[in-house]
Structures are given as structure tokens and as C-alpha cells.
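Written below as C-alpha cells is the structure these notes are about.
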Amino acid sequence: MLWPGLVRRFPVLAIRDFRLLLADRVLAPAAAAFSLVGVAFAVLDLTGSTADLSYVLAAQILPALVFALAGGVVADRIAPQKVIVAANLMIAAGEGGFGLLVLTGHPQLWQMIALETLNGAGMAVFYPASQALLPRLVPAGLMQEASALSRLAMNAAQMGGAAIAGVFVAAAGPGWALAICGVGMLGTVPLLLAIRAPGAERTGQASLLRDLREGWAEFASHTWLWATTIQFCVVLAAWYGAFDVLGPAVARRDLGGPAAWGVIMAVDAVGLIIGGLVALRFTPRKPIRFVVLIGGACAISPLALAGPWPLPAVCAAALVLGIALEIMMVQWTVTLARHIPPDRLARVSSYDVLGSVAAMPVGALVAGPLAARIGVPVTEYGAVVLIVVASLLALVPREVRSLTSAQTPSPEPGSEAAAEHVMAGS
């Protein structure tokens with residue numbers, strides 16, 4: 001009786017391919033959580049250097065500058081779940097290989113950078129394909145529910161994975177954690193290959209350059225889209241350097257080591273889960289203004305680590321921010337799906353991810369050496385200022401402040417038939 005009741009409450013669960021996607025979005029984030037803790041403490045244990053950690057984490061982000069756009073073009077041409085399979089295999093090879101090196105010897109810095117570059121290439125290819133896949137699995141009327149449920153599954157898995165990973169790294173070491181990440185990513189492949197969603201229907205054979213120009217024209221035609229992308233270019237660069245690079249070092253020195261960092265990650269995931277539950281029914285009247293304001297709220301992370309605040313206060317900040325960020329991400333996903341044509345969504349998403357993460361390698365490369373020179377607290381406060389200023393400037397364009405959730409574009413030709421096809425295949 002439980003399952004029929006769930007399907008009545010959440011109709012999107014009746015769609016077979018969506019259920020397969022949910023299973024993938026439990027296993028992959030749970031595995032990735034072991035990487036989040038394992039990579040940072042593997043580097044710190046091996047080198048003791050925040051600068052070296054900066055270089056390794058920057059290697060995760062740099063491939064986005066090369067592979068994100070190509071991944072978007074491919075995901076608009078073929079079934080996106082096949083692109084995600086390739087992405088997960090790259091992540092499995094990168095993190096699994098890193099784990100094996102840690103377990104069998106003393107990896108050199110260049111080896112760690114090379115393996116995290118492979119991992120980063122997988123993550124870069126994953127994002128645009130993931131954005132394009134969900135609208136092909138469910139009809140438009142179920143997008144908010146589907147987005148909230150899929151992200152809820154991801155965040156619950158990440159929470160459990162982070163809590164276990166922190167304790168696991170403290171007890172067994174980061175090498176085993178990275179090996180578990182690799183095995184978990186391999187386990188997602190059969191789930192993704194079972195999804196039957198087709199690729200987008202395309203007329204004729206377009207060149208890569210033409211596809212990129214078409215995606216750019218769509219991206220540039222929406223002021224709210226490029227303005228928020230520029231904002232998050234600054235926000236994520238500052239946040240990544242202050243939180244992901246310097247955070248493990250602060251935890252190691254002042255908060256209790258890898259177990260404390262695992263607790264912070266787990267509490268953040270709890271916030272994401274709560275935010276996902278709220279996002280099932282909550283829709284801000286002006287979603288893009290909401291997105292920009294939550295981007296500004298990211299300043300609480302470096303502010304909490306600057307002192308640092310006591311561990312319970314850092315966890316409270318992570319909880320509140322996690323709630324807000326999850327609601328924001330659901331609204332962003334739904335707004336993109338609502339306003340961007342399906343056959344261009346992966347390419348537009350690739351420009352979104354490219355612009356948003358373009359400066360993250362700079363944040364990663366600068367944070368460690370800068371903190372070594374001027375101190376962690378000053379570096380963290382500098383990140384706070386950058387995040388707040390970028391967010392205030394993003395509110396200047398009128399379209400950012402005025403776009404409402406009620407502004408729904410006219411349906412694309414054939415969209416109703418596509419929706420009927422999705423439900424019929426359930």
C-alpha cells in the first residue's frame with residue numbers, strides 16, 4: 001500500500017526512467033561524498049601544504065574550461081544518459097586511481113593533479129548532460145516535483161556518504177575512501193544504460209562550431225541568465241577557495257580534523273534535504289531575484305571559518321545555507337527548463353557551467369598561497385567582500401529583479417505530444 005500512496009502523492013514516480021534516474025542519484029552522490037573528504041585529507045596528509053591542495057583542487061575545475069562546451073553539444077545530439085555514463089567512468093578512473101596510489105605508495109604531486117584533472121573532466125561533461133536529461137524524462141507540468149525529488153535523493157545520499165566518509169577517513173585513511181568512490185561510480189553505469197530516453201530530434205548535420213554559436217545566441221538573449229552567471233563566477237571562485245580549499249585546513253587545525261569536516265559536510269547535506277522538501281511546494285514569486293540573493297548568502301561560509309566560529313556554529317551556518325541553496329537550485333533548474341528550448345538546453349547549461357566555474361581555478365590557486373602569506377582569517381574576510389559585492393551588482397539589471405515564476409513562454413511545437421509520449425512509456 002505504501003508504493004501506490006507515494007505514486008498518488010508524487011505522480012512523477014510512476015515514470016520508469018525517472019525511477020532509474022533516482023537510483024543513480026542516490027548511488028553517485030553517496031560515492032562522491034567519499035571523494036569530497038578523501039581528496040582533501042589525502043593531499044594534506046601527504047604534503048601538509050594548503051598550496052598543494054590548491055593545485056590539486058584547481059585541477060578538478062580547470063577541465064570545465066575545455067570539456068563543458070563540448071559536453072553540452074554532445075548531450076544535445078545524443079541521449080544524455082550515455083554522456084553521463086562516460087562522465088562517471090572518467091570520475092571512477094580518476095578517484096579510483098588516486099585511491100590505489102595512496103594505498104600502494106606515496107603519490108607525487110603531479111600524479112594527484114593528473115588524476116584530479118581526469119575526475120574534473122568527468123564532472124565537466126556531467127553537468128550539461130544532467131541538466132538536459134530530466135526534461136526528457138518527465139512532462140513540463142511535473143518538472144518542479146521531479147527536480148525537487150531528484151535533488152532530495154542526491155542530497156540524502158550525500159549526507160549519509162559524508163557522515164560515513166568523515167569517520168571512515170579518520171579510521172581507515174583517505175586511500176580507501178577514494179577507492180570506494182571509484183567503485184560506486186562504476187555501479188551507476190547499469191542504471192543509466194537502462195534509461196530509454198532518446199536524444200533530441202535534430203534536423204540535418206550541424207558542425208560543432210555552429211552548434212556552439214546557436215547555444216551562445218540562446219544564452220546571450222536572456223539577461224537574467226548571463227547576469228547571474230557572471231555573479232556566480234565571482235561567488236563560486238571566492239567560496240571555493242575559502243571553503244573547499246581552506247576549510248579542511250581550518251578543520252584540521254582548529255575544529256577536530258577530518259571527522260569534524262565530515263560532520264560539516266553531513267550537516268550541509270541535511271540542510272539540502274530540508275531545502276528539497278520545502279522546494280516541493282515553495283515557489284518564490286521572483287525566482288531569479290531569489291537566486292541572486294541566495295548567492296549573496298554564500299558569504300556566511302567564509303565568515304564562519306574566518307574566526308573560526310565554534311564547530312556547532314559552523315554547522316548551523318552550513319545547515320541554513322544548505323536549505324537556501326537547495327531551494328535556489330530547484331528554482332534555477334525549473335526556470336532553465338521553462339525558458340530554454342529542450343534542443344538547446346544542454347548547450348545553454350554548458351555556457352552556464354563554464355561561466356560559473358571559469359574563475360574557480362583562480363580561487364583554488366590563489367586561496368592557499370594567499371592564506372599562507374596574509375593568514376587564513378584575512379583571506380576568508382576577503383572572500384566575504386567579493387561575494388557580497390558581486391551579488392549586489394547582479395541585482396542591477398531589471399530583468400533579474402522582475403522575472404516572475406508566472407512568466408511561462410509559449411510551449412514549443414509538439415511539446416504536448418512529447419509529454420504524452422513520456423507518460424505512455426511509463
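Computed quantities for the displayed model
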{"read-out": "Residues listed by number, the stretch 99-114, amide nitrogen under 13 Å from residue 183 label point at 7 Å toward C-beta", "value": "100"}
{"read-out": "Cα-only Debye scattering, the stretch 319-410: base-10 log of I(q)/I(0) at q = 0.16 Å⁻¹", "value": "-0.94"}
{"read-out": "Length added when fully stretched, residue 402-residue 78, from 0.36 nm per residue minus Cα-Cα", "value": "113.1 nm"}
{"read-out": "For q = 0.12, 0.14, 0.22 Å⁻¹, Debye-computed log10 I/I(0) when each Cα of the stretch 1-88 counts as one equal scatterer", "value": "-0.62, -0.77, -1.11"}
{"read-out": "Å² of accessible area per residue within the stretch 37-190, as computed with a 1.4 Å probe and no ligands counted", "value": "32 Å²"}
{"read-out": "Translational diffusion of the chain, µm² s⁻¹ [Kirkwood Rh, Cα pairs; Stokes-Einstein; 10 °C; 1.306 mPa s]", "value": "73 µm²/s"}
{"read-out": "Gained length - residue 207 relative to residue 193, 0.36 nm times residue gap less alpha-carbon distance", "value": "2.3 nm"}
{"read-out": "Fraction of accessible area attributable to carbon and sulfur, the stretch 268-320 (%, probe 1.4 Å)", "value": "75 percent"}
{"read-out": "Cα-based helix-to-principal-axis angle, 143-172 vs the chain, degrees rounded to 10", "value": "20 degrees"}
{"read-out": "Accessible area of the stretch 120-185 belonging to carbon and sulfur atoms, whole % at 1.4 Å probe", "value": "76 percent"}
{"read-out": "Per-pair calculated FRET efficiency, R0 = 30 Å: residue 23 and residue 103 via Cβ, rounded to 0.05", "value": "0.55"}
{"read-out": "Heavy atoms of residue 52: accessible area, 1.4 Å probe, square angstrom to 10", "value": "30 Å²"}
{"read-out": "Crossing angle, helix 16-47 versus the chain [Cα axis fit, 0-90 degrees, rounded to tens]", "value": "20 degrees"}
{"read-out": "Accessible area, probe 1.4 Å, largest first, for residues 185, 90", "value": "90, 185"}
{"read-out": "Net lengthening on full extension, residue 311/residue 285 (0.36 nm per residue, minus Cα-Cα)", "value": "5.9 nm"}
{"read-out": "Within the chain, longest stretch clear of exposed trypsin sites (Lys or Arg not before Pro) (DSSP loop, no more than 14 other Cβ within 10 Å)", "value": "1-195"}
{"read-out": "Cα long-axis angle, helix 311-339 against the chain (0 to 90 degrees, to the nearest 10)", "value": "30 degrees"}
{"read-out": "List 273, 195, ordered by accessible area with a 1.4 Å probe, largest first", "value": "273, 195"}
{"read-out": "Inter-label distance, nm, simple model (7 Å from Cα along the C-beta direction), residue 6/residue 51", "value": "5.2 nm"}
{"read-out": "In Å², nearest 10: area of residue 399 left accessible to a 1.4 Å probe", "value": "60 Å²"}
{"read-out": "Leading residue at positive end of dipole, the chain (Cβ point charges), from 263, 66, 287", "value": "287"}
{"read-out": "Paramagnetic reach from residue 362 in the stretch 58-79 [backbone N under 20 Å; point 7 Å along Cα→Cβ]", "value": "58-69"}
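The values are calculated or read from the model by the stated rules, or taken from the named source; none is laboratory data. Since the model is a prediction, treat every value here as computed from it, not as a measurement. Cβ coordinates were reconstructed from backbone atoms using ideal geometry, including for glycine residues, and neighbour counts include every protein chain displayed. These accessible areas exclude ligands, DNA and RNA; they are computed on the full protein's heavy atoms, side chains included. Shrake-Rupley method; radii C 1.70, N 1.55, O 1.52, S 1.80 Å.
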